[in-house]
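As C-alpha cells, the structure follows; a few thoughts come after it.
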Amino acid sequence: MAANPARTPTPSTYDVERVRRDFPILSTTVNGHPLVYLDSAASAQRPLQVLRAVEDYETHSHANVHRGVHALSQAATAAYEGARERVRRFINAGSTREIIFTRGTTEAINLVAQAWARNRLHAGDEILITALEHHANIVPWQMVCEQTGCTLKVAPINRRGELEFEAFLKLLGPRTRLVAVAHVSNALGTILPVERIVAAAHAAGALVLIDGAQAVPHARVDVRALGADFYTFSGHKLYAPTGIGVLYGRQELLTAMPPWQGGGDMILTVSFEKSTYNDLPWKFEAGTPNMSGAVGLAAAMDYIESLGIDAIAAHEAHLLELATAALTNIPGIELIGTAAHKAAVLSFTMKGVHAHDLGTILDSQGVAVRTGHHCAMPVMTFFGVPATARASFGCYNTEGEVAALVSALRKAREVFG
Ligand code: PLP
C-alpha cells in the first residue's frame, strides 16, 4: 500500500492505457464529456476478463452447487469451490475452510457480530472500534451491545484523520473482547497501523476483526502475516461483481461458532427433532450461494495479479500525490483527511458550496465523484461538515483525469463565486 505517497515515484512500466482498454465502460461519455470515473472506493468498474468469466460460467457451467450428481452441477461446484481456493491464495489464508462467501463486507461483519459476539459477550465486556469506521463496522456492534449488554468504546482520531494510538492503547484493557477496525478509511483514506493494533489487542487478550473493504484493492493482504482473527472485504470494490464478499476467520474460531442462518447447504442432517450442521466453510453459507459472483471474484483476483498489486498501488499513490498537490492550490478547497499514510482516496470540501452541488457541477463535466457522508457520519461530525466530495482512484485512472478533476473544480469555483 502507498506507504507515503509523496515519496512514491511514477511506475514507468505501468501501462495505464492498456489497462483502460480492459474496461469498456470507461469509454462512455457523460453530458457530452468523456467519463472521468473517480468513484472506485464506492464501487470499482469490471474488466472484460471478469465480465467474460461470469458470462462463461452462466453460458456453460451454471446449475445449483453441491447437491447434484449431474455434470453441470459438478461443473458449477468446481467453479465455486475453485473460486474459494483462489480467494485463499489471494489473502494467504491457511485453508479454504477459513473462507466464507458472503454478500459483502457488511454481511461478513454482521456474521461475526451475530455468530461470535452475540454468543460470547456479556455486560461488562467491551468492543473497541475507532472514530473513523464505516457504518458497517459500527452498527452491527451497537446491535450486539443492545442484545448482550456489552459496551462499545471508540478510540479517537486527530485532525489529520489518524488514529490516536496512545488513546487507543488506553482504551484497550482486560474487558476488551474484540477490536474491530478498518484497514483503510473509506471517508479519509487513512491507512491504519493494523499490525500494531493486532499486536496490542492480542497482548490484551482481545480478538481482532479488520474491515479490509478499502484495503484489498490497493495492497497485498496476507491475513496470516497480519495475524488477523477475522478479515472482511467486498468483491465490488475489487473489480468484481456486486453481491459477493468474503469473511476470513481463523479456523479454530469459526469451528467454535454456531451457524447464524439456517437452511439448505449448511446442514448435514435434518429431522424434526434435531438438525446437525455442515463442516466449514458451508456451515455459514445457508441457501444457494452466489456462484457467478464467486467466479467473477476469482477472475478479478487473477486480473489484479496479472497487473501486479504493487504496481497498481504505486500508480494510485502517484495519482494521489498529484491530486493532493493540485487541490491544495485551488482557493476554498479544504482536504478532509491528511494522514501521513493514505490510500487513493481524497475527500474535500469547497468553501460555501454544498458537496452535492459540487458533485452535480462535476458531473455536468463528466467527472464522477461521490458526495455525502460516505456511510461515516461520525467522521463528518468530527470534522464539523455535513458532507464531503470524495475522489477515489483505481488501477485505470490517469494523470489526465486528475487534470480533468482540477479543471472541473476550478469551473465550479467560478460558478459558485
Ligand atoms: N467498510 C468500508 C471501509 C467500506 O468502504 C464499505 C463500503 O463502502 C463497507 C465497509 C461496506 O461494504 P459493502 O457495502 O460492500 O458491504
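The values are calculated or read from the model by the stated rules, or taken from the named source; none is laboratory data. Just so it is clear, the structure is predicted and the values come from calculations on it, not from any experiment. Cβ: placed from backbone, ideal geometry, glycine included. Neighbour counts: every protein chain shown. To get the accessible areas, we keep the full protein, side chains included, count just its heavy atoms, and leave off ligands, DNA and RNA. Shrake-Rupley method; radii C 1.70, N 1.55, O 1.52, S 1.80 Å.
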The number of residues in region 131-175 that are over 23 Å from Trp260 (Cα atoms) and either open to solvent by 20 Å² or more (accessible area, probe 1.4 Å) or more than 13 Å from the ligand (Cβ to nearest atom) (or both) is 24
If you check Ala93, Ala117, Ala76, Ala83, which single one turns out to be more than 16 Å from the ligand (Cβ to nearest atom), at pLDDT 95 or above, closer than 25 Å to Ala286 by Cβ and part of a loop (DSSP other than H, G, I, E, B)?
-> Ala93
Looking at (1) open to solvent by 10 Å² or more (accessible area, probe 1.4 Å); (2) in a helix (DSSP H, G or I), can you tell me which one Glu334 breaks?
-> (2)
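Among the residues in region 111-124, are any open to solvent by 60 Å² or more (accessible area, probe 1.4 Å), in contact with a Gly (Cβ under 6 Å, 6 or more places away or on another chain) and more than 27 Å from Glu164 (Cα to Cα)? First the steps, then the outcome.
Quick first cut of region 111-124, residues open to solvent by 60 Å² or more (accessible area, probe 1.4 Å) only: 118-120, 122-123.
Then keep just the ones that are in contact with a Gly (Cβ under 6 Å, 6 or more places away or on another chain); that gives 123.
Now restrict to residues that are more than 27 Å from Glu164 (Cα to Cα): none.
Among the residues of region 111-124, not one is open to solvent by 60 Å² or more (accessible area, probe 1.4 Å), in contact with a Gly (Cβ under 6 Å, 6 or more places away or on another chain) and more than 27 Å from Glu164 (Cα to Cα), which makes the answer no.
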Give region 282-294 a look and list any residue that's part of a helix (DSSP H, G or I) and over 14 Å from His236 (Cβ atoms), or say none.
-> Trp282, Lys283, Phe284, Met291
Take the residues in region 18-47 that are open to solvent by 50 Å² or more (accessible area, probe 1.4 Å) and in contact (Cβ under 8 Å) with a residue 12 or more places away in the chain, then tell me which one is farthest from the ligand (Cβ to nearest atom).
-> Gly32
In region 269-325, which residues are open to solvent by 50 Å² or more (accessible area, probe 1.4 Å) and under 18 Å from Ala93 (Cα atoms)?
-> Asp279, Trp282, Asp302, Glu305
Taking region 372-402 on its own, how many of its residues are assigned to a helix (DSSP H, G or I) and within 18 Å of Thr349 (Cα to Cα)?
-> 8
Being in contact (Cβ under 8 Å) with a residue 12 or more places away in the chain, over 20 Å from the mean Cα position of the chain (by Cα) and surrounded by 18 or more Cβ atoms within 10 Å (Cβ to Cβ) narrows it down to one of Leu346, Leu358, so name that one.
-> Leu358
Residues being in contact with a helix residue (DSSP H, G or I) (Cβ under 8 Å, 6 or more places away or on another chain) and either under 30 Å from Ala387 (Cα atoms) or touching a residue at least 60 places away in the same chain (Cβ under 8 Å) (or both) - total across region 172-188 = 10
Considering each residue of region 259-268, count those that are open to solvent by less than 70 Å² (accessible area, probe 1.4 Å) and part of a strand (DSSP E or B), and give that number.
-> 1
Hey, can you tell me all the residues within region 215-225 that are of a type outside the set (Val, Ile, Thr) and either in a loop (DSSP other than H, G, I, E, B) or open to solvent by less than 20 Å² (accessible area, probe 1.4 Å) (or both)?
-> Ala215, Pro217, His218, Ala219, Arg220, Asp222
